[in-house]
Amino acid sequence: MGVRGGRDAARPTLSGVNSPEDLALYTELTEAVGALPAGQQPEWPDPAAVHDAVAQLRAMPPLVFAGECDVLRERLAAVSRGEAFVLQGGDCAETFAGVSADNVRNKLKTLLQMAVVLTYAASVPVVKIARLAGQYAKPRSKSTETRDGVTLPAFRGDIVNDFEFTPGARVPDPHRMVRAYHASSATLNLTRAFVGGGFADLHQVHAWNTDFVRTSPAGQRYERLARRLDQALKFMRAIEIDTDQLRTVELYSSHEALLLDYELALTRVDSRTGAPYDVSGHYVWIGERTRQLDGAHLEFAARIRNPIGVKVGPTTTPDQLLALAEKLDPQREPGRLTFVTRMGAGKIREALPALVQKAAADGLVASWICDPMHGNTYEAASGHKTRRFDDVVDEVRGFFEVHRALGTHPGGIHVELTGDDVTECVGGGDPIAEDGLGSRYETVCDPRLNRTQSLELAFLVAELLES
Ligand code: PEP
Ligand code: MN
């Protein structure tokens with residue numbers, strides 16, 4: 001994962017564990033980042049427990065290698081030039097209970113199927129980034145939650161507290177950060193094993209189209225495409241083109257860099273270059289609620305060498321966008337910075353052009369990715385937080401329209417999805433109605449596209465890429 005297995009795989013460089021360099025870096029980072037206001041952090045009740053958990057994390061080996069992050073940065077540089085397209089997806093919030101073979105395999109299948117559809121249409125490489133193996137911390141619009149007249153602290157993700165609605169469960173527990181590390185490690189290990197062990201082999205295109213998806217309209221459309229791919233592979237073999245390199249893929253891990261105690265503890269010095277990398281994931285992003293220019297999160301992101309994203313919502317001004325780029329990518333290094341727009345279907349066509357124009361006029365090299373989820377959330381009559389599939393599609397269409405009109409590159413999509421047959425988003429080809437949301441509503445945070453809806457979205461994006 002991250003780097004293709006085999007001959008040309010980059011040699012991993014292991015950072016020293018608690019080396020003098022790491023110690024110096026940790027001290028420098030905690031001072032610089034700790035001096036600034038940080039939104040969305042838990043109020044840990046016991047400082048000694050935080051100290052203990054952080055000490056444990058700091059002794060853990062990296063989850064990813066700096067060299068892999070560098071390869072991803074090169075891939076994203078191609079995205080910024082319009083020579084590749086990003087597919088990023090996974091749960092809004094991963095859970096400890098969700099660390100199972102089935103769960104990880106199904107999400108992987110979804111991403112692989114979507115990637116095939118997109119690659120076929122785009123005729124450029126699809127950079128596959130899983131929102132996986134670290135997506136455990138959630139920002140909340142309210143710090144408390146009230147149910148039936150009872151008010152408790154909000155759920156902030158499994159890395160902080162428990163989803164169960166009891167006073168004890170909602171107390172922030174810093175040792176959950178250590179559990180999140182191990183959960184990420186197990187997830188990443190399995191993912192690397194699946195990818196390296198043949199599960200992602202393009203010769204397996206049919207094997208990903210299983211169970212409920214196969215019989216859906218999107219699944220049938222996929223089956224036709226898979227048959228065409230089979231033909232193409234047979235043809236390649238007949239003319240003795242080596243198809244062996246299609247036996248694995250590059251897949252990267254990503255999450256929101258929200259919980260600073262965790263991210264700082266996992267930021268290490270790369271022994272090759274001496275540069276700091278957040279080794280909790282290949283790519284991290286800063287969320288809409290924590291991207292204040294003088295805040296701790298941007299300071300942290302500015303100081304690590306990973307490729308990074310920043311969410312930009314509909315209130316972002318062109319000057320703010322430039323200031324974000326100045327802070328996060330002062331060298332204007334291709335592949336370093338991605339703007340992840342999350343405007344809402346009704347706003348993207350008005351809000352995005354001024355930002356894209358300003359970025360182009362200023363010579364920014366950032367990539368643009370569309371998150372068509374977070375601007376389209378509403379509460380259904382049943383009380384479920386949901387999104388309309390049609391709004392998701394419309395926002396992606398608006399994103400492409402704006403970029404096509406301005407001659408810039410629509411660089412990819414960032415979606416919340418699952419590999420299961422859940423009922424969390426309304427609509428789709430096998431439509432889910434508002435009053436059906438309750439039948440399999442399993443998310444602990446935002447509503448995700450199910451596997452059929454995800455595949456359908458991939459076909460729609462494929463059409464946009466072809467047009
Ligand atoms: C998210 O990606 O789950 C999220 C909270 O997004 P945003 O920061 O854009 O609201
Ligand atoms: Mn979300």
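So the values come out like this:
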item	result
Number of the exception - Arg268 against (1) outside any strand (DSSP E or B); (2) closer than 30 Å to Ala24 by Cα; (3) of a type in the set (Lys, Arg)	(1)
Subset of segment 25-50 [loosely packed, with under 12 Cβ neighbours inside 10 Å and part of a helix (DSSP H, G or I)]	Thr27, Glu31, Pro47, Ala48
Strands (runs of 3 or more DSSP E) within segment 287-393 that include 3 or more residues within 16 Å of ligand 1 (Cβ to nearest atom) and not aromatic (Phe, Trp, Tyr)	308-312, 337-341, 385-387
Candidate set from segment 127-143 (those that are basic (Lys, Arg) and crowded, with 20+ Cβ neighbours inside 10 Å); member that is farthest from ligand 2 (Cβ to nearest atom)	Lys128
Which numbered condition Val422 fails, given (1) within 16 Å of ligand 2 (Cβ to nearest atom); (2) under 21 Å from Gly98 (Cβ atoms); (3) crowded, with 18+ Cβ neighbours inside 10 Å; (4) touching a residue at least 60 places away in the same chain (Cβ under 8 Å)	(4)
Counted residues, segment 81-124 - those being among the charged types (D, E, K, R), within 16 Å of ligand 1 (Cβ to nearest atom) and over 15 Å from the mean Cα position of the chain (by Cα)	0
Matching residues, segment 394-411, being within 16 Å of ligand 1 (Cβ to nearest atom) and either among the charged types (D, E, K, R) or within 29 Å of Arg440 (Cα to Cα) (or both)	Glu395, Val396
Of residues in segment 56-70 being in a helix (DSSP H, G or I) and crowded, with 18+ Cβ neighbours inside 10 Å, the one nearest to ligand 1 (Cβ to nearest atom)	Cys69
So Ala351, is it farther than 30 Å from Lys109 by Cβ, of a type outside the set (Ser, Thr, Tyr) and either away from ligand 2 (no atom under 16 Å from the Cβ) or at pLDDT below 95 (or both)	yes
Candidates Val99, Val117, Val71, Val124, filtered to the one that is away from ligand 2 (no atom under 16 Å from the Cβ) and closer than 23 Å to Gly407 by Cα	Val124
Test: residue in segment 160-180 that is surrounded by 15 or more Cβ atoms within 10 Å (Cβ to Cβ) and within 20 Å of Ser454 (Cα to Cα)	no
Spans of strands (runs of 3 or more DSSP E) in segment 112-231 with at least 3 residues under 30 Å from Glu74 (Cα atoms) and in contact (Cβ under 8 Å) with a residue 60 or more places away in the chain	126-130
Any hit, segment 435-443, residues being part of a loop (DSSP other than H, G, I, E, B), over 30 Å from Arg332 (Cβ atoms), small (Gly, Ala, Ser) and over 18 Å from the mean Cα position of the chain (by Cα)	no
Matching residues in segment 278-291 - criterion: being acidic (Asp, Glu) and within 16 Å of ligand 2 (Cβ to nearest atom)	Glu288
Filter result for the condition that a residue is surrounded by fewer than 24 Cβ atoms within 10 Å (Cβ to Cβ), in contact (Cβ under 8 Å) with a residue 60 or more places away in the chain, closer than 30 Å to Asn376 by Cα and away from ligand 2 (no atom under 16 Å from the Cβ), over Ala302, Ala323, Ala296, Ala275	Ala296
Residue ID - nearest to ligand 2 (Cβ to nearest atom), chosen from residues in segment 255-272 that are among the hydrophobic types (A, V, I, L, M, F, W, C) and within 15 Å of the chain's Cα centre (by Cα)	Leu258
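The values are calculated or read from the model by the stated rules, or taken from the named source; none is laboratory data. Everything numeric in this text was worked out from a predicted model, so none of it was measured. No Cβ is skipped: glycine too gets one built from the backbone with ideal geometry, and neighbour counts run over all protein chains shown.
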